[in-house]
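Inspection log for the structure reproduced underneath, given as structure tokens.
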Amino acid sequence: MTAHLHRLPAGPVDLTVIPTDDTPGFDGGKKQGAPALAALGDELSDLQERLWAERGTGSRRRVLLVLQGMDTSGKGGTLRHTVGLMDPQGVKITSFKAPSDQERRHHFLWRIRHALPEPGYIGVFDRSHYEDVLIVRVHGLAEPETVERRYDEINAFEAELAADGVVLVKCMLHVSAAEQKERLLARLEDPEKYWKFNPGDIDERERWGEYRTTYQIALERTNTEIAPWYVVPSDRKWYRNLVIGRLLLDHLRALNPQWPPADFDVDAQRQRLLEETPVS
């Protein structure tokens, strides 16, 4: 399976022609998808540990996974099932909600900069700076010329991150309106899931077409060679998780982090241990 099948090509974007329930590159179904994801765990953990260890050499390299999508598209599920395969010590997760009063007093990228992963980490953004060209545009929370300017600001920001050693993995979780409806109904049918339901989600469904158009514009304007977008079919939760796991693995393999060499005489330290007086 090649996760890069989902890399968005350059040019105009039409999300209506990109399937939300397809499983390209994988011949099995749900029963095969779960063990296929679990099988990625050992290599993901090994590469993550090597990236973490590289910090000691002064390396600035780190990974930032950006998860964007409509409500119920599976950002939380991705965190549990895919990101959860890695050691939490080396993972930094940030969930962006509506900006606070303090955050509103700053440039829209101010809070994003404060949440960036440090070298050696794998950072995950559950929503991100893209909210400031998505929900802001749909609800008219900023002047059109302000939103228009932000696309270029985002591209410049992401180029700056890449130059500083950040590998960006931007995933748009592509869910259908029909599947979202089923997931919202499931929350209303299970008392243990009431806490996950927000009546405002139904209001937002009335703007589905507006959101799709706004996503298309944002994807097209910020789909760069340095920081490309991946559109991940998300109607099938297991496939979504597997694709993102493969994307993380592919990018970590490309980084090929190495174990730092010893900064001491290994043989001398071994000899010291062999010759020490037994501890009573």
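Descriptive notes on the structure:
- Gaussian network model of the chain, Cα within-10 Å springs - most flexible of Asp27, Asp87, Asp265: Asp265
- Here's how it looks for Leu168: its modeled amide H is under 5 Å from those of Leu64, which are all 5 or more places away or on a different chain.
- Stokes-Einstein, applied to the Kirkwood radius of the stretch 126-280 over Cα pairs at a viscosity of 1.306 mPa s and 10 °C, places its translational diffusion at 80 µm² s⁻¹.
- Seen from all directions on average, the stretch 19-87 presents a Cα convex hull projection of 6.1 nm².
- Accessible-area value, Lys196, 1.4 Å probe, nucleic acids and ligands omitted, Å²: 70 Å²
- Dimensionless Rg ratio for the stretch 150-195, taking C-alpha atoms and the 2.2 N^0.38 Å reference: 1.95
- Which of Thr82, Met70, His129, positive extreme of dipole for the chain (C-beta unit charges): Met70
- Debye intensity ratio in log₁₀ form over the Cα atoms of the stretch 94-153, taken at each q of 0.16, 0.25 Å⁻¹: -0.54, -1.15
- Kirkwood-based shape ratio for the stretch 188-280, expressed as Rg/Rh from alpha carbons: 1.33
- Estimated translational D of the stretch 132-212 in µm²/s (Stokes, Kirkwood radius over Cα pairs; 25 °C; 0.890 mPa s): 157 µm²/s
- Across the options Val138, Ala268, Tyr230, the greatest Cα extent toward the positive end of the charge dipole of the chain (unit charges at beta carbon of Lys, Arg, Asp, Glu) belongs to Val138.
- Each Lys and Arg adds +1 at its Cβ and each Asp and Glu adds -1 at its Cβ; summed about the Cα centre, the stretch 93-218 shows a dipole of about 160 debye.
- Once C-alpha pairs closer than 8 Å and six or more residues apart are averaged by separation and normalised to the residue number of the chain, the relative contact order reads 34 percent.
- Estimated dipole of the chain in Debye, rounded to 20 [Cβ of Lys and Arg +1, of Asp and Glu -1, Cα centre]: 340 debye
- Most mobile listed residue (His107, His174, His139) in the chain, GNM with C-alpha springs under 10 Å: His107
- More than 16 Å apart - percent of Cα-Cα pairs taken over the stretch 28-137: 65 percent
- In Å², nearest 10: area of Tyr121 left accessible to a 1.4 Å probe: 50 Å²
- Computed with every protein chain present, the accessible area of Met172 is close to 10 Å² [probe 1.4 Å].
- Accessible surface, the chain, averaged per residue in Å² (probe 1.4 Å): 52 Å²
- Binning the alpha carbon pair distances of the chain at 10 angstrom intervals from zero yields the distribution 6, 26, 33, 21, 7, 4, 3, 0, expressed in whole percent.
- Protein heavy-atom surface of the stretch 1-156, 1.4 angstrom probe: 50% of the accessible area is carbon and sulfur, with nucleic acids and ligands not counted.
The values are calculated or read from the model by the stated rules, or taken from the named source; none is laboratory data. Source: prediction; values computed, not measured. Virtual Cβ from ideal backbone geometry, glycine too; neighbours counted across all protein chains shown. SASA here: full protein model, heavy atoms, side chains in, ligands and nucleic acids out. Shrake-Rupley method; radii C 1.70, N 1.55, O 1.52, S 1.80 Å.
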